[in-house]
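Data first, discussion second: the structure below is written as structure tokens.
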Amino acid sequence: MRGLQLVLQENAGLIPPAPEVDPETGVPQGGAKLYIRPMLLGSGQQLGLHASPQISLLFFVSPTGSYFSGKTMGGLKLHLERRRCRAARGGTGNVKCCGNYAVTMRPLIDAQAKGFNDNLYLELDTYHNPPPGTSSRLMQAVLQELSAANIFLVLKTGEIVTPGLKRGTILPGVTRDTILTLASEFKDELRPIMMESIKVAGMGEEKKADDIEVTVSERDVTVGDLLNAAEVFVTGTAAEVVPVQSIGTSETPAGELDGEEEESFSVRFPHGETSAGPVTTKLLEMLREVLAEKRSSEATKDWLCDVYATPGDFRKGGSSS
């Protein structure tokens, strides 16, 4: 934390100008930000396969815009990857190491060549080894995440859900945790917005906002759950909160089936094609309100740090302004 504090102080001149603010709400409307990536680099005089005897702590610092900026009109179009694996149980899928990104490069290039923005990966063992009697291998397959972002579903039941961490195959993203906290802390505020989202999705016309209970969950999420989603969005440090408009498979190249017939899948969500859905929009607004010190709660009070505080106070978190 002390290294991070010094890096921020030394590179304060790289912090982009404050984003435009909504004149009615005072909420920042997005814009550039200063991205900081701590890195551990192993080195040493050795050729064989050994743990590095020397470790250097580095900080990559750069102004950046949104991760998906300019890549899509409306929401993202995601490719459901059925053949290649980002991570498997017992591996390093839950650790932020370079290898987790290297394996996504070729599949990402292939997906973009077919008109998709990114891949959504599966727990491939749940796809290839379904329980006995399963009618559809694909429908019960468990979702992981994108190449560099976590995924959330806003279900027509009022549940906001994201794949859980127990399998050890996805990254416990900071923005993921932030959205889980905000959704849990402000469930009552989200209730009427959830009702609006569900009505557009074709359910709940006769219900009132008080009839909808907003729940927030981390659990196994299946491909079948996507069919019950009113909204889908992804989260990441640079991406913030980005809507998804559709998820689908593509034709498998000849010679790559190994004698097995692949199932196809396609879903277009009620929200996301031209703009984010109500719940997605509100959660992004809440996130930006916290960053602008326009919203706070017991759970968020230590999220903002004063860069020029004492090292001890900086570690504790909390803004002194």
Q. So residue 109 clears everything in (1) among the β-branched types (Val, Ile, Thr); (2) within 17 Å of the chain's Cα centre (by Cα); (3) surrounded by fewer than 20 Cβ atoms within 10 Å (Cβ to Cβ); (4) at pLDDT 95 or above except one condition, right? Which one?
A. (2)
(Q) Going residue by residue through the stretch 66-80, is there one that turns out to be loosely packed, with under 15 Cβ neighbours inside 10 Å and within 21 Å of residue 173 (Cα to Cα)? (A) yes
Q. Within the set of pairs 6+ apart or on separate chains, which have a first residue in the stretch 269-285 that is open to solvent by 30 Å² or more (accessible area, probe 1.4 Å), a second that is in a loop (DSSP other than H, G, I, E, B) and among the hydroxyl-bearing types (Ser, Thr, Tyr), and C-beta atoms under 7 Å apart?
A. none
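Just to check your reading of the model, which residue among 47, 57 is in contact (Cβ under 8 Å) with a residue 40 or more places away in the chain, open to solvent by 70 Å² or more (accessible area, probe 1.4 Å) and more than 30 Å from residue 110 (Cα to Cα)? Please lay out each step first, then the result.
On the way: 47 fails: in contact (Cβ under 8 Å) with a residue 40 or more places away in the chain.
Result: 57 is the single residue among 47, 57 that is in contact (Cβ under 8 Å) with a residue 40 or more places away in the chain, open to solvent by 70 Å² or more (accessible area, probe 1.4 Å) and more than 30 Å from residue 110 (Cα to Cα).
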**Q.** Search result, residues across the stretch 86-115 that are hydrophobic (A, V, I, L, M, F, W, C) and out of contact with any helix residue (DSSP H, G or I) (no Cβ under 9 Å at 6 or more places or on another chain)
**A.** 95, 97, 98, 102, 103, 105, 108, 109, 111, 113
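Could you say whether any residue in the stretch 224-236 is modelled with pLDDT under 95 and open to solvent by less than 20 Å² (accessible area, probe 1.4 Å)? Even if it seems obvious, please write down each step before you answer.
Restricting attention to the stretch 224-236, the residues satisfying the condition of being modelled with pLDDT under 95 are 236.
Next, from what is left, pick out any that are open to solvent by less than 20 Å² (accessible area, probe 1.4 Å): 236.
Taking every residue of the stretch 224-236 in turn, at least one turns out to be modelled with pLDDT under 95 and open to solvent by less than 20 Å² (accessible area, probe 1.4 Å).
In the stretch 112-135, which residues are more than 20 Å from residue 221 (Cβ to Cβ) and among the small types (Gly, Ala, Ser)? Give the derivation first.
Filtering the stretch 112-135 down to residues more than 20 Å from residue 221 (Cβ to Cβ) leaves 112-115, 132-133.
Across the stretch 112-135, the qualifying residues are 113, 115, 133.
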(Q) Suppose the filter is more than 23 Å from the chain's Cα centre (by Cα), farther than 30 Å from residue 313 by Cβ and part of a strand (DSSP E or B); does residue 42 pass it? (A) yes
Q.
List the residue pairs whose Cβ atoms are under 8 Å apart, where the first residue sits in the stretch 121-139 and is assigned to a helix (DSSP H, G or I), the second is open to solvent by 20 Å² or more (accessible area, probe 1.4 Å), and the two are 6 or more positions apart or on different chains.
A. 124/85; 124/88; 125/88; 125/89; 126/140; 127/137; 128/137
Q: Report yes if some residue within the stretch 32-40 is surrounded by 12 or more Cβ atoms within 10 Å (Cβ to Cβ) and modelled with pLDDT under 85; otherwise report no.
A: yes
(Q) Suppose we keep only residues that are among the hydroxyl-bearing types (Ser, Thr, Tyr) and under 25 Å from residue 34 (Cα atoms) within the stretch 47-101. Which one would you say is modelled with the lowest pLDDT? (A) 72
Q.
If I filter the stretch 1-19 down to residues being under 26 Å from the mean Cα position of the chain (by Cα) and surrounded by fewer than 11 Cβ atoms within 10 Å (Cβ to Cβ), which single residue comes out as modelled with the lowest pLDDT?
A. 18
Q. Among (1) assigned to a strand (DSSP E or B); (2) open to solvent by less than 60 Å² (accessible area, probe 1.4 Å), where does residue 115 come up short?
A. (1)
Q.
Please go through the stretch 45-66 and give me each residue that is out of contact with any Gly (no Cβ under 9 Å at 6 or more places or on another chain) and assigned to a strand (DSSP E or B), ordered by number.
A. 58, 60, 61, 62, 63, 64
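The values are calculated or read from the model by the stated rules, or taken from the named source; none is laboratory data. All of these numbers come straight from a predicted model, not from anything done at the bench. Here Cβ is always computed from backbone atoms with ideal geometry, including for glycine, and neighbour counts include all displayed protein chains. Surface areas here come from the heavy atoms of the whole protein model, side chains and all, with no ligands, DNA or RNA. Shrake-Rupley method; radii C 1.70, N 1.55, O 1.52, S 1.80 Å.
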